[in-house]
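Q: A single structure is presented below for examination.
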């Protein structure tokens, strides 16, 4: 439960609202959301019949009026949320230390509950968003590999890859000729990580060394060297040292093509 509002704070809020920037300076213990919520509460007390009025952007009505109004409300709601995100980012930028202190306080109060919430949120995001799942799998694969070698990467995973994860997802789906990555797809390192030295993370994680395979295909391929067709997709600068084209197979036994089972 938050700290109760005092009569002095209420008077300051009524006198200066809606100048939120000035109010945040006058009442540093209150957040923007708290100020806005308290201001609405005070207005409702003064006028119980008060209704929230959303201004709809005028437009030329086409088709059914009710449909047009619903569309305008949806657009207005999206604009409000966008503005709220901008305000939130600006507030965090100006109050980073305060936010981190509050977060730590909540974590210390019940660590198990916070860890459970964070784990559940991450699992849900990975299940619903293929790009989040791809980013998580890339980071975890690299983390496990480096942990076994007692080595630490020197840059963010996306920087090692050479592009953002949304762009990587688009590229991998185009290569696999699919519209969307499913849970049946695994991201595969064309040249396996074991073929690289620990200080060659920029080569092993380069986007050209990544592809999508079905789970059974990835398990069959395992740590084998890629076929010549697979290796042709990898930038020559990112090949492992000592590997030449004549060392690569034309096709794996039992595979229909050099690229797929």
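The values are calculated or read from the model by the stated rules, or taken from the named source; none is laboratory data. What you see is a predicted model; the values in this text were computed from it and never measured. Note: ideal-geometry Cβ built from the backbone for every residue, glycine included; neighbour counts use all protein chains shown.
Q: I need the full set of residues from region 211-238 which are part of a loop (DSSP other than H, G, I, E, B) and buried (at least 19 other Cβ atoms within 10 Å of the Cβ), in order please. Reasoning before the result, please.
A: If we filter region 211-238 for residues that are part of a loop (DSSP other than H, G, I, E, B), which is where we start, we get 222-227, 232-235.
Once the filter is applied, which keeps residues that are part of a loop (DSSP other than H, G, I, E, B) and buried (at least 19 other Cβ atoms within 10 Å of the Cβ), region 211-238 yields 226, 227, 234.
Q: Restricting to region 141-170, what's the tally of residues that are in contact (Cβ under 8 Å) with a residue 60 or more places away in the chain and under 21 Å from residue 229 (Cβ atoms)?
A: Let us first name the residues in region 141-170 that are in contact (Cβ under 8 Å) with a residue 60 or more places away in the chain, namely 142.
If we keep only those that are under 21 Å from residue 229 (Cβ atoms) too, we end up with none.
Result for region 141-170: 0.
Q: Could you please let me know if residue 259 is in contact with a helix residue (DSSP H, G or I) (Cβ under 7 Å, 6 or more places away or on another chain), modelled with pLDDT under 90, outside any helix (DSSP H, G or I) and under 19 Å from residue 171 (Cα atoms)?
A: Working: in contact with a helix residue (DSSP H, G or I) (Cβ under 7 Å, 6 or more places away or on another chain): yes; modelled with pLDDT under 90: yes; outside any helix (DSSP H, G or I): yes; under 19 Å from residue 171 (Cα atoms): yes.
In short, yes.
Q: Taking the residues in region 187-201 that are modelled with pLDDT under 90 and within 23 Å of the chain's Cα centre (by Cα) as candidates, determine which candidate is farthest from residue 231 (Cα to Cα).
A: Step by step, filter region 187-201, then rank; the result is 201.
Q: Related question: If I ask for residues that are surrounded by 11 or more Cβ atoms within 10 Å (Cβ to Cβ) and out of contact with any helix residue (DSSP H, G or I) (no Cβ under 9 Å at 6 or more places or on another chain), which ones from region 114-125 would you list?
A: Within region 114-125, 116, 117, 118, 123, 124 qualify.
Q: Only one of 161, 178, 190 is surrounded by 15 or more Cβ atoms within 10 Å (Cβ to Cβ) and within 15 Å of residue 213 (Cβ to Cβ). Can you tell me which?
A: Values: 161 fails: within 15 Å of residue 213 (Cβ to Cβ); 178 fails: surrounded by 15 or more Cβ atoms within 10 Å (Cβ to Cβ).
Criteria check complete, one pass: 190.
Q: Here's a follow-up. Looking for something under 25 Å from residue 184 (Cα atoms) and touching a strand residue (DSSP E or B) at 6+ places or on another chain (Cβ under 9 Å) - is there at least one such residue anywhere in region 140-152? Spell out the reasoning first.
A: At the first step, the residues of region 140-152 found to be under 25 Å from residue 184 (Cα atoms) are 140-145.
Then drop every residue that is not touching a strand residue (DSSP E or B) at 6+ places or on another chain (Cβ under 9 Å), which leaves 141.
Checking region 140-152: at least one residue is under 25 Å from residue 184 (Cα atoms) and touching a strand residue (DSSP E or B) at 6+ places or on another chain (Cβ under 9 Å).
Q: I would also like to ask the following. Contact list please: Cβ distance under 9 Å, first residue in region 171-186 and more than 18 Å from residue 207 (Cα to Cα), second residue in a strand (DSSP E or B) and at pLDDT 90 or above, pairs at least six apart or on different chains.
A: Pairs found: 184/214.
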